[in-house]
Amino acid sequence: MSNKSLTALIVGVVLAIVAWNSFYIVSQTERAVLLRFGRIVEPDVKPGIHVKIPYVNSVRKFDGRLMTLDTTTSRFLTLEKKALMVDSYAKWRVDDAERFYTATSGMKQIADERLARRLEAALRDQFGKRTLHESVSGQRDELMGLVTNSLNRAAQQELGIEVVDVRVKGIDLPREVNRSVFERMSSEREREAREHRAKGKELAEGIRADADRQRRVLLAEAFREAEELRGDGDAQAASIYAGAYGLDQEFYSFYRSLQAYRESFANKDDVLVLDPNSDFFRYLESSTNR
C-alpha cells in the first residue's frame, strides 16, 4: 500500500469517527441538555436526532419517566404530642432539565436525598398540626394533598423536578407504645364486657322474676277457676241428689241405712254397742217383724 492510500484510509477513519460522534439521539422517554466545555448551551433538547460538535459539545441525558422515592419509616409527633411511625413515598419526574442538571449534576441519587429531606420536613409540619385521629383517618387525604403541593413548589424551584403525588403507605405506633396501648385497649374491652355481663344478668333476673310472678298469677287464677268449677259441680250434684231423693224420702232413708250398715260392719272385728230400740236398727227390726 502506498503512502497516499494509507493517508486516505486514515483520513477516512478519522472522518467516520468525527461523523459518528457528531450525531446523537434523544428518546421520547428522556430529557437532555447540550453542553459546551461543561457549560449548558441548550437547556432542553427535544426528542429526535441532533448534531453536535465532537469533543466540544457533550450531551447529558436524564430519564424523563415517572420516578419513585421510597422513604424510610420516620417518627413524627401529632398535635397532642403522640408519636407515630410513618412510611411514605413520592412520585416525581424531571420538569426542568437545566435546573435538574445544575442542582444534582443529573444524578438521581442526589435528587432523591434532597427530596427525601424536603418530604420529611413537610410531613413533620403537617402531622404536628393535627391530632392522632385527624392524621390517621379524619384529614388524611387533605394532609396528603397539602404535602404534595408544598413539596412540588419547593422541588421545582430547587431541583427542577415535578412532584406528582405523595402517599402514606402505613401509620403505626412506636414499638415501645404498642404494648401499653394494647394493654389499655384490652382493659377497656374487659371493662365493657363486665358491664355487658352485669346488664345481661340484671335483665335476666328481671325476666326470671317476671316469669315467676306470671306463673304464680296463672296458678292462682287456675286454682280459683278450678275451685269455682268444683263448687258449681258439687252444688249441681247436691241439687240433683236432693231432687232425686226428694221423690221418695222413705226409700232414701232406707238406702242411707243400708250404706251405714255396710260401712259399719265392713270389718269382722268391729264392735258396736247400741240400744236395740235405736233408730239405727229400725229397718232391721221391720224386716224381722215381717
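From the set of residues in the stretch 106-124 that are without any contact (Cβ under 8 Å) to a residue 12 or more places away in the chain and assigned to a helix (DSSP H, G or I), which is most open to solvent (accessible area, probe 1.4 Å)? Walk me through how you get there before you give the answer.
So in the stretch 106-124, the residues without any contact (Cβ under 8 Å) to a residue 12 or more places away in the chain come out as 107, 109-110, 113, 117, 121.
The next check asks that each one be assigned to a helix (DSSP H, G or I); those that pass are 109-110, 113, 117, 121.
Working: Gln109: 119, Ile110: 48, Glu113: 93, Arg117: 146, Ala121: 60 Å².
My answer is Arg117.
With the condition kept exactly as written, say whether any residue in the stretch 67-77 is open to solvent by less than 60 Å² (accessible area, probe 1.4 Å), under 44 Å from the mean Cα position of the chain (by Cα), over 19 Å from Ile161 (Cα atoms) and among the aromatic types (Phe, Trp, Tyr).
Yes; the residues of the stretch 67-77 include at least one that is open to solvent by less than 60 Å² (accessible area, probe 1.4 Å), under 44 Å from the mean Cα position of the chain (by Cα), over 19 Å from Ile161 (Cα atoms) and among the aromatic types (Phe, Trp, Tyr).
I'd like to know if the stretch 28-38 contains one or more residues that are among the β-branched types (Val, Ile, Thr), out of contact with any Pro (no Cβ under 7 Å at 6 or more places or on another chain) and either open to solvent by 100 Å² or more (accessible area, probe 1.4 Å) or modelled with pLDDT of 85 or more (or both). Give the derivation first.
Keep residues of the stretch 28-38 that are among the β-branched types (Val, Ile, Thr), which gives 29, 33.
From what is left, the residues that are out of contact with any Pro (no Cβ under 7 Å at 6 or more places or on another chain) are 29.
Adding the requirement that they be either open to solvent by 100 Å² or more (accessible area, probe 1.4 Å) or modelled with pLDDT of 85 or more (or both) leaves 29.
Yes: the stretch 28-38 contains one or more residues that are among the β-branched types (Val, Ile, Thr), out of contact with any Pro (no Cβ under 7 Å at 6 or more places or on another chain) and either open to solvent by 100 Å² or more (accessible area, probe 1.4 Å) or modelled with pLDDT of 85 or more (or both).
Report whether or not Ala103 is part of a helix (DSSP H, G or I) and surrounded by 16 or more Cβ atoms within 10 Å (Cβ to Cβ). Break it down stepwise before answering.
Values: part of a helix (DSSP H, G or I): yes; surrounded by 16 or more Cβ atoms within 10 Å (Cβ to Cβ): yes.
Taking the combined requirement at face value, the residue satisfies it.
Taking the residues in the stretch 39-51 that are β-branched (Val, Ile, Thr) and exposed (fewer than 14 other Cβ atoms within 10 Å of the Cβ) as candidates, determine which candidate is farthest from Glu162 (Cα to Cα). So that I can check it myself, show each step before the final result.
To start, the set of residues in the stretch 39-51 that are β-branched (Val, Ile, Thr) comprises 40-41, 45, 49, 51.
If we keep only those that are exposed (fewer than 14 other Cβ atoms within 10 Å of the Cβ) as well, we get 41, 49, 51.
Numbers: Val41: 23, Ile49: 26, Val51: 29 Å.
Residue satisfying both the conditions and the ranking: Val51.
For Pro54, only one of the following conditions fails: (1) at pLDDT 85 or above; (2) surrounded by 12 or more Cβ atoms within 10 Å (Cβ to Cβ). What is its number?
Here Pro54 meets the rest and fails (1).
Any chance you could count how many residues in the stretch 201-217 are over 38 Å from the mean Cα position of the chain (by Cα) and either on the phi > 0 side of the Ramachandran plot or open to solvent by less than 100 Å² (accessible area, probe 1.4 Å) (or both)? Break it down into steps so the answer makes sense when it comes.
Here is the first cut: in the stretch 201-217, the residues over 38 Å from the mean Cα position of the chain (by Cα) are 209-217.
Narrowing further to those that are either on the phi > 0 side of the Ramachandran plot or open to solvent by less than 100 Å² (accessible area, probe 1.4 Å) (or both): 209-212, 214, 217.
Final tally of qualifying residues: 6.
May I ask you to list pairs of residues, at least six apart or on different chains, whose Cβ atoms are under 7 Å apart, with the first in the stretch 29-51 being over 15 Å from Thr102 (Cβ atoms) and the second being of a type in the set (Ser, Thr, Tyr) and modelled with pLDDT of 85 or more?
Pro47/Ser27
Only one residue in Glu158, Glu162, Glu195 is among the charged types (D, E, K, R) and over 25 Å from Val86 (Cβ atoms), so which one is that? Reasoning before the result, please.
Details: Glu158 fails: over 25 Å from Val86 (Cβ atoms); Glu162 fails: over 25 Å from Val86 (Cβ atoms).
It is Glu195.
Suppose the filter is modelled with pLDDT of 85 or more, in contact with a Phe, Trp or Tyr (Cβ under 8 Å, 6 or more places away or on another chain) and not hydroxyl-bearing (Ser, Thr, Tyr); does Arg117 pass it? Break it down stepwise before answering.
Details: modelled with pLDDT of 85 or more: yes; in contact with a Phe, Trp or Tyr (Cβ under 8 Å, 6 or more places away or on another chain): no; not hydroxyl-bearing (Ser, Thr, Tyr): yes.
Judged against the criteria, Arg117 is not a match.
If Ala220 passes every condition in (1) over 30 Å from Val86 (Cβ atoms); (2) within 37 Å of the chain's Cα centre (by Cα) but one, which one does it miss?
Ala220 satisfies every listed condition except (2).
Restricting to the stretch 33-66, give me the number of residues that are touching a Lys or Arg at 6+ places or on another chain (Cβ under 6 Å) and under 17 Å from Trp92 (Cα atoms).
Count: 3.
May I ask you to list the residues in the stretch 239-265 that are open to solvent by less than 60 Å² (accessible area, probe 1.4 Å) and hydrophobic (A, V, I, L, M, F, W, C)?
Ala244, Ala260
Let's see how each residue does on (1) of a type outside the set (A, V, I, L, M); (2) more than 26 Å from Met67 (Cα to Cα); (3) modelled with pLDDT under 85:
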residue	(1), (2), (3)
Glu134	yes, yes, yes
Ser150	yes, no, no
Gly160	yes, no, no
Val166	no, no, no
Leu173	no, yes, yes
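Considering (1) over 22 Å from Ser105 (Cβ atoms); (2) open to solvent by less than 70 Å² (accessible area, probe 1.4 Å), say which one Val59 fails and leave the rest.
For Val59, the failing item is (1).
The values are calculated or read from the model by the stated rules, or taken from the named source; none is laboratory data. Everything quoted here is computed from the prediction, not taken from an experiment. As a convention, Cβ positions derive from the backbone with ideal geometry for all residues, glycine included, and neighbour counts pool all protein chains shown. Protein only, heavy atoms only, side chains kept; ligands, DNA and RNA dropped before computing areas. Shrake-Rupley method; radii C 1.70, N 1.55, O 1.52, S 1.80 Å.
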